[in-house]
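For reference, the structure is listed below as structure tokens.
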Ligand code: SAH
């Protein structure tokens with residue numbers, strides 16, 4: 001599929017044609033990665049951040065929130081929950097802060113998780129902390145790293161990240177992670193102010209060129225406490241998000257694709273299921289201690305995230321089975337093969 005064809009899909013509202021896109025994406029998903037839905041427990045380790053990302057509610061410039069970093073025991077308790085639910089991986093996510101999360105301390109956390117949950121994959125989503133930190137954490141036992149490029153358009157990237165050295169550095173970080181031996185995930189927000197169809201089509205093509213193991217996409221959700229929260233979003237809607245998931249599945253057949261919390265935030269009723277039936281094969285339930293979740297407000301009112309992990313897990317596993325899918329067993333490693 002070329003750029004023009006991708007753009008055509010992104011722009012169409014022809015329902016009969018879209019039915020064929022959904023069917024094909026679902027068939028490729030089933031053939032290439034199977035019916036299992038892999039679950040990854042998300043731990044929001046810290047909302048401290050030094051960056052000024054123009055879209056993100058926990059950016060350094062937002063002085064209206066109180067900042068926290070979980071203690072080791074709190075992280076381990078969250079991991080224990082994910083382990084008890086049988087999740088294949090735990091994702092440690094945070095703002096970008098070497099003060100709040102010193103490299104060595106994170107390495108110790110990783111080693112402790114390794115000891116207690118040797119069967120689980122450890123996934124990090126801690127921002128661009130530099131090659132040295134990436135290496136230290138890999139040696140400590142981390143398996144995967146999530147770092148969204150946010151946009152494949154360097155100009156738009158600059159607008160999204162005003163004080164960042166630039167898009168090439170984000171790309172270089174993704175390459176470093178791959179060379180160090182992580183399974184690497186990236187992705188974009190959909191419909192940020194100023195984004196064009198051509199930008200989004202180029203994003204999808206770039207997922208393939210980068211040979212990613214995981215691709216996460218979700219709608220941009222304006223946060224009032226941020227510079228971008230007051231601008232007009234473009235196509236940050238559910239249909240565009242579902243098309244992006246489906247097209248990603250067609251271009252990167254074996255990649256792991258989450259049906260994201262941001263998608264569920266704009267469709268509480270069935271966002272997770274819709275993503276799963278149009279190409280996605282992963283869900284990342286929140287296992288952060290409940291008292292911290294409201295403080296990790298990267299965008300307003302994150303869906304379901306205030307529900308107790310036990311309740312959410314029980315309902316989710318039921319819903320997965322009701323769709324005729326199974327709950328993933330084991331780590332759910334990347335099965336990508338590009339060549
Ligand atoms: N500090 C880490 C984790 C960021 S939060 C990092 O920089 O990688 C994870 C993702 O949430 C981000 O990569 C971004 O794509 C998404 N996100 C942040 N703010 C958002 C918003 N307002 N709407 C939708 N998604 C958002």
Which residues, taken from the stretch 218-233, are buried (at least 18 other Cβ atoms within 10 Å of the Cβ), closer than 15 Å to residue 194 by Cα and out of contact with any helix residue (DSSP H, G or I) (no Cβ under 9 Å at 6 or more places or on another chain)? 229, 233
Considering the stretch 200-232 alone, what residues qualify as being touching a strand residue (DSSP E or B) at 6+ places or on another chain (Cβ under 8 Å) and within 11 Å of the ligand (Cβ to nearest atom)? 216, 217, 218, 219, 220
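Looking at the stretch 234-259 only, could you name the residues that are surrounded by fewer than 24 Cβ atoms within 10 Å (Cβ to Cβ) and either within 16 Å of the ligand (Cβ to nearest atom) or farther than 22 Å from residue 195 by Cα (or both)?
Of everything in the stretch 234-259, those that are surrounded by fewer than 24 Cβ atoms within 10 Å (Cβ to Cβ) and either within 16 Å of the ligand (Cβ to nearest atom) or farther than 22 Å from residue 195 by Cα (or both) turn out to be 234, 235, 236, 237, 238, 240, 250, 253, 254.
Given the structure, is residue 308 free of Cβ contacts under 8 Å to residues at least 60 places away in the same chain, within 18 Å of residue 90 (Cα to Cα) and in contact with a helix residue (DSSP H, G or I) (Cβ under 8 Å, 6 or more places away or on another chain)?
Numbers: free of Cβ contacts under 8 Å to residues at least 60 places away in the same chain: yes; within 18 Å of residue 90 (Cα to Cα): yes; in contact with a helix residue (DSSP H, G or I) (Cβ under 8 Å, 6 or more places away or on another chain): yes.
Yes, satisfied.
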When residues of the stretch 31-72 are filtered for being surrounded by fewer than 16 Cβ atoms within 10 Å (Cβ to Cβ) and in a helix (DSSP H, G or I), how many remain? 2
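Does residue 89 count as within 21 Å of the chain's Cα centre (by Cα) and within 15 Å of the ligand (Cβ to nearest atom)?
On the way: within 21 Å of the chain's Cα centre (by Cα): yes; within 15 Å of the ligand (Cβ to nearest atom): no.
No, not satisfied.
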Filter the helices (runs of 4 or more DSSP H) completely within the stretch 225-293 down to those with at least 2 residues that are farther than 30 Å from residue 71 by Cα. 238-251, 271-277
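Filtering the stretch 92-137 down to residues that are assigned to a loop (DSSP other than H, G, I, E, B) and under 17 Å from residue 38 (Cβ atoms), which residue is farthest from the ligand (Cβ to nearest atom)?
Quick first cut of the stretch 92-137, residues assigned to a loop (DSSP other than H, G, I, E, B) only: 95-102, 117-120, 126-130.
Cutting the leftovers down to under 17 Å from residue 38 (Cβ atoms) gives us 117, 119-120.
On the way: 117: 22, 119: 25, 120: 20 Å.
The selected residue is 119.
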Against the definition (within 26 Å of residue 334 (Cβ to Cβ) and either away from the ligand (no atom under 13 Å from the Cβ) or in contact with a helix residue (DSSP H, G or I) (Cβ under 7 Å, 6 or more places away or on another chain) (or both)), how does residue 266 come out, yes or no? no
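Does the stretch 20-29 contain any residue that is buried (at least 22 other Cβ atoms within 10 Å of the Cβ), touching a helix residue (DSSP H, G or I) at 6+ places or on another chain (Cβ under 7 Å) and not in a helix (DSSP H, G or I)?
Kept after step one, since they are buried (at least 22 other Cβ atoms within 10 Å of the Cβ), are these residues of the stretch 20-29: 25, 29.
In the following step, the residues that additionally are touching a helix residue (DSSP H, G or I) at 6+ places or on another chain (Cβ under 7 Å) were identified as 25, 29.
From the residues that got through so far, the ones that are not in a helix (DSSP H, G or I) too are none.
No, the stretch 20-29 contains no residue that is buried (at least 22 other Cβ atoms within 10 Å of the Cβ), touching a helix residue (DSSP H, G or I) at 6+ places or on another chain (Cβ under 7 Å) and not in a helix (DSSP H, G or I).
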Just checking, does the stretch 61-73 include any residue being within 19 Å of residue 137 (Cα to Cα) and within 16 Å of the ligand (Cβ to nearest atom)? yes
(1) surrounded by fewer than 22 Cβ atoms within 10 Å (Cβ to Cβ); (2) at positive phi; (3) near the ligand (Cβ under 10 Å from one of its atoms) all hold for residue 187 apart from (1)
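Bear in mind that the values in this text are calculations on the coordinates, not laboratory data. As the structure is a prediction and not an experimental result, all values here were calculated from the model. Positions of Cβ are backbone-derived with ideal geometry, glycine not excepted, and every protein chain shown enters the neighbour counts.
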